[in-house]
Amino acid sequence: MSSKGFTMIEIIIVIAIFIFVVGFGMLTDFNVFTGDTFHAEEAKIVSLLGRARSRAMANVYDSNFGVCYISPNYVMFQGSTCVAGDAIPANVNISENPSTIFPTFVFNRLTGTTVGGTIHITDGVKSTDIIINNEGTISW
């Protein structure tokens with residue numbers, strides 16, 4: 001007697017393989033998404049620092065410009081004191097103590113120089129440093 005069709009074991013094995021492949025694909029896709037978010041956050045900070053330095057060097061409003069972190073926003077400000085101004089929301093937790101991890105940077109007008117320092121950002125898994133030297137050069 002010849003029977004046609006699939007056995008229950010064959011069907012279960014095919015379903016298990018399918019679930020494994022789909023699960024692996026979703027895990028990989030989610031990691032790519034979080035990586036893109038992290039790099040976008042890094043680029044956002046570098047862009048804001050560059051914009052503040054550019055405005056200071058262009059002597060816009062005859063003033064210094066700076067960048068600081070006022071939870072939960074990155075803030076570009078005019079002058080020498082960090083005050084709420086152009087706020088850009090942060091998507092990545094940068095620290096329990098942002099004042100030590102994200103120091104205030106003030107770029108001097110015309111020269112673009114600053115005290116220099118390091119910004120450390122992390123999402124709990126990945127972390128990176130953005131280094132600003134005393135000439136205002138931003139390395140990331």
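Tabulated values for the structure
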item	result
M1 being at pLDDT below 90 and not in a helix (DSSP H, G or I)	yes
Residues satisfying the stated conditions in the stretch 58-95, i.e. modelled with pLDDT under 75, more than 21 Å from H39 (Cα to Cα) and not in a loop (DSSP other than H, G, I, E, B)	D86
Of the criteria (1) surrounded by fewer than 18 Cβ atoms within 10 Å (Cβ to Cβ); (2) over 15 Å from the mean Cα position of the chain (by Cα), which one F77 fails	(1)
Selection status of I132, modelled with pLDDT under 90 and closer than 24 Å to F38 by Cα	no
Residues of the stretch 51-69 classified as closer than 14 Å to I119 by Cα and surrounded by fewer than 17 Cβ atoms within 10 Å (Cβ to Cβ), total	0
Selection count, the stretch 21-57, where residues are hydrophobic (A, V, I, L, M, F, W, C), farther than 20 Å from F102 by Cα and at pLDDT below 80	6
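The values are calculated or read from the model by the stated rules, or taken from the named source; none is laboratory data. In this text, all values refer to a predicted model and were calculated from it rather than measured experimentally. No Cβ is skipped: glycine too gets one built from the backbone with ideal geometry, and neighbour counts run over all protein chains shown.
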